[in-house]
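Only one structure is covered here, and it is reproduced in the block below.
The values are calculated or read from the model by the stated rules, or taken from the named source; none is laboratory data. Quick caveat, the model's predicted, so the values are computed rather than measured. Neighbour counts are summed over all protein chains in view; Cβ atoms, including those assigned to glycine, are modelled from backbone coordinates with ideal geometry. SASA here: full protein model, heavy atoms, side chains in, ligands and nucleic acids out. Shrake-Rupley method; radii C 1.70, N 1.55, O 1.52, S 1.80 Å.
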Amino acid sequence: LSAPFQFWVGTGLLLVLISGYLTFRLFSSDQRLFLPGETTAGHYQIELACGACHTPFRGVSNEACLQCHGEQLKAVNDSHAPGKFADPRHAAGLSKLDARRCVSCHLEHRPAITRPGDVTQPADHCFHCHSDVVRDRPSHSGFDPQGCATAGCHNYHDNTALYEDFLVKHLAEPERASNRVVVQRNFGTYFTTRHKPAPLSAEEQNAPLDVQVDPALALEWETTAHARAGVNCSDCHMVADGANGLNRWTAQPGWQGCRDCHMDEASGFLAGRHGMRLERRLPPMSPDLARLPMNAAARHRELTCLSCHGPHQFDTRQAAVESCLGCHQDEHSLAYRGSPHFQLWEAELRGEGPAGSGVSCATCHLPREQRKLGGTDLVTVQHNQNFNLRPKESMMRGVCLSCHGLEFSFSALLDPGLLRNNFRGRPTRTVETLNMVEKRLSESSPSKPNPQ
Amino acid sequence: MNRNQTFSIYRRPSEKMGTMGGFKTRPRAGSKPLLIASVGVLMLVALIGVAGMSASWPRFPEGADYLWRDGFRQQISGYALVTVCLLALGLSLRKRWKRCAWGRLSAWRLVHVLLGCLSLALLGLHTGFERGRNLNELLWLAFLSLILFGALTGIVAALEGRQGRTAVSRGRMILGGAHLLSFWVLAVVLFFHILTVYYF
């Protein structure tokens, strides 16, 4: 065989092999070979579920984004919802930046051009439409165009804690509120009031006869809210068997069993960083996959409901601090035990502080929420920790203001040093926004406070 | 055609004489511009390779990233890059298709090298000097390999004498083969790159 013949046959075989391999990977469930760049912190956990965002040959639609982010955007009354741009007056601005599409500002897998907030537009993108801001607001003269969304004054989507009326309403608040407690959870009360269950004892556990039940576990269960609410072994351990439609016993029930009763908590968990992989039918999140510093000894743990709440104790106090610090070892987390918030938490645990006066990890990151359900004010825990994490000010309204005044809260949240040391100290700077609001207030008649 | 001539792309005699590796050689016409252009391309390949491998390498100035924020603009730079690559294939046609055998081969070679140089610039515009990940990284490597082997082939061809089968000639054959092989690998990977851009 001649050398050219060998060369071309060899080349042909190599190309067939490469093509075959790439085709196989393109249609397999593992398509990571086609990830074009590093995925953002918010999405990397589900980067293997390409279909969560991408529709074949149709790119990334707004609907795909809103499937996960829609609820939060609705809750914060999105300042730039796509529907607002249907007005023809926005045509000129849209020709420069198509704000109707999420991906105009949030391109994924593009680390080189991704800025804080996973924004891939330049920092001065507001000026495409708001270039006349100085004419309407002379106080903004001389401001850096890149500072609109980075100086803590405005956000593109969530301005619930930045509306001028809201700031005015809370301007004069003292550094610390007189009644510094958070509202108490009441799902147990709601459940027992509604269903009037009889409390159960360890002897009444109803595991099948062929299942060996550890008496210590049964006693542990007897002390829990589950036993008091009449939730027996079978309620969690008997699961539907897809094969024959009957229920079967399982020693380790999954998170789906929890969701049957705790729907609010489960939906928040599945939408947040801890459960988003489960929502996409991927293996559970584990500290090993985290980008934040984690406890090396915990790196192989898997995140489900039981990871934080324990299998039979369901100790919400442990879930509020110990479970978090069992994995998280970033600077902010490690500084918690030295913070004034932790002192309040310990005081409450010792019975020296009123219920709800302690500040745990969960107090800020998994805050309580109230909603009407069947005429009852139901207080549940928002398990999507991302819900009030970004933008930073979003934590102020639902969390900080429960105990602190607005100026103190705002200044603390925008102080990088305090964020790192877990608020051990006082803010070093006053937020300029508040000075501007105060000045504007003194120059004009007081605004009518926004009921929001 | 014997097997030693199969990969030869040089057919026209040159005028000057030189010495290479102890052998008497006669540099071909246009070998000096070819040498300079090929060395230039080689340096560009090294520069882009280092830029792509280094996270701290300075990128485009602030504001120039508009080139990569918009899918349409990236398609323009991408298809421009493909077009330049296709134009560079003219040299292959010139060598293999008699109807294209017009003009001096040395001029075709020089244009081929300059198109390779232009393609590198377009690669920088298209990628922002980032090597990307996974398939994109593979494509980036295949492209740089193509240009690298091309530049080395150009250098060796410029140094090669017209007569005799020297070590330089054998080196050119091997490098030319690698250049050809990396082209076909690039073509396949590029096909999947374009397919996945639209698929995802």
Whose amide H sits under 5 Å from the amide H of residue A:54, counting only residues 5 or more places off or on another chain, with H placed in the peptide plane?
none
Step through the residues of the range A:40-50 one at a time and calculate ³J(HN,Hα) from phi using the Karplus curve (6.51 cos²θ - 1.76 cosθ + 1.60, θ = phi - 60°), rounding each to whole Hz and writing x for Gly and Pro.
5, 4, x, 10, 4, 4, 10, 5, 7, 9, 3
Carbon-plus-sulfur fraction of the accessible area of the protein assembly as shown, 1.4 Å probe, in percent?
59
Tell me which of A:117, B:34, A:226 sits at the most positive position along the dipole axis of the protein assembly as shown, charges placed on C-beta atoms (Lys, Arg +1; Asp, Glu -1).
B:34
Gyration tensor (Cα only) of the range A:204-251 to equivalent ellipsoid, semi-axes in Å sorted down, yields 22, 13, 7
Return a whole-number percent for the relative contact order of chain A, with Cα pairs under 8 Å and 6 or more residues apart as the contact set.
16
For a label point 7 angstrom out from the Cα of residue B:79 toward its Cβ, which stretches of the range B:140-155 have the backbone nitrogen within less than 20 Å?
none
Extension gain (nm, one decimal) between residue A:313 and residue A:9, 0.36 nm per residue minus Cα-Cα:
102.7 nm
Within the range A:40-137, DSSP-loop chymotrypsin sites (Phe, Trp or Tyr not before Pro) with at most 14 other C-beta atoms within 10 Å are A:57
Shape box of the range B:103-179 [Cα atoms, principal axes, largest first, Å]
45, 26, 15
Which residue, B:156, B:110, B:120, has the largest displacement toward the positive end of the dipole of the range B:110-176 when charges sit on each Cβ (Lys, Arg +1; Asp, Glu -1)?
B:156
Coordinate range along principal axes, alpha carbons of chain A, Å, largest first:
93, 78, 42
Considering the options A:94, A:395, A:416, tell which one lies farthest towards the positive end of the dipole of chain A, charges being +1 on Lys and Arg and -1 on Asp and Glu at the Cβ, about the Cα centre.
A:94
Hydrodynamic radius by Kirkwood for the range A:110-161, inverse mean 1/r across distinct Cα pairs, in Å, is 12.1
For residue B:53 paired with residue A:430, estimate the spin-label separation in nm (one decimal), with each label point 7 Å from Cα along the Cα-to-Cβ line.
5.5
Could you rank A:90, A:383 by how accessible they are, 1.4 Å probe, largest area first?
A:90, A:383
To the nearest 20 debye, the range B:71-200 has a Cα-centred charge dipole, built from +1 on Lys and Arg Cβ and -1 on Asp and Glu Cβ, of 700
With +1 on the Cβ of every Lys and Arg and -1 on the Cβ of every Asp and Glu, the dipole magnitude of the protein assembly as shown about its Cα centre, in debye rounded to the nearest 20, is 4880
Note to self, the protein assembly as shown gives a 222 nm [θ] from helices alone (DSSP H runs n ≥ 4, -39500 (n - 2.57) apiece, / all residues, nearest 500) of -13500 deg cm²/dmol
Let me know the charge dipole size of the range A:134-178 about its Cα centre in debye, to the nearest 20, where only the beta-carbon of Lys, Arg (+1) and Asp, Glu (-1) is charged.
80
Based on the Cβ-Cβ distance of residue A:252 and residue A:135, what FRET efficiency does E = 1/(1 + (r/R0)^6) give at R0 = 56 Å, to the nearest 0.05?
0.30
Starting at the first residue of the range A:14-29, write each ³J(HN,Hα) from the Karplus equation 6.51 cos²θ - 1.76 cosθ + 1.60 with θ = phi - 60°, in whole Hz, x for Gly and Pro.
4, 5, 5, 4, 4, 4, x, 5, 5, 5, 4, 5, 5, 9, 8, 6
Can you compute the modelled spin-label distance between residue B:102 and residue A:298, with each label point 7 Å from Cα toward Cβ, in nm?
7.6
Cα-only radius of gyration and Dmax that characterise the range B:65-200, units Å
16.5, 54
Can you tell me the accessible area per residue over the protein assembly as shown, all protein chains present, probe 1.4 angstrom, in square angstrom?
56
Kindly identify residues of the range A:7-22 having a loss of at least 10 Å² in accessible area between the isolated chain and the assembly of all protein chains, probe radius 1.4 Å.
A:7, A:8, A:11, A:14, A:15, A:18, A:19, A:22
How far apart, in nanometres, would the label points at residue A:2 and residue A:235 be if each is projected 7 angstrom from Cα along the Cα-to-Cβ direction?
8.4
Candidates per trypsin sites (Lys or Arg not before Pro) in the range A:278-373, loop by DSSP, up to 12 other Cβ within 10 Å:
A:281, A:291, A:350
Karplus (6.51, -1.76, 1.60) ³J(HN,Hα), θ = phi - 60°, over the range A:101-108, in Hz, Gly and Pro reported as x:
10, 4, 6, 5, 10, 10, 6, 9
Do you know the Lys pair count in the protein assembly as shown for C-alpha distances under 29 Å, with sequence separation 8 or more or different chains?
29
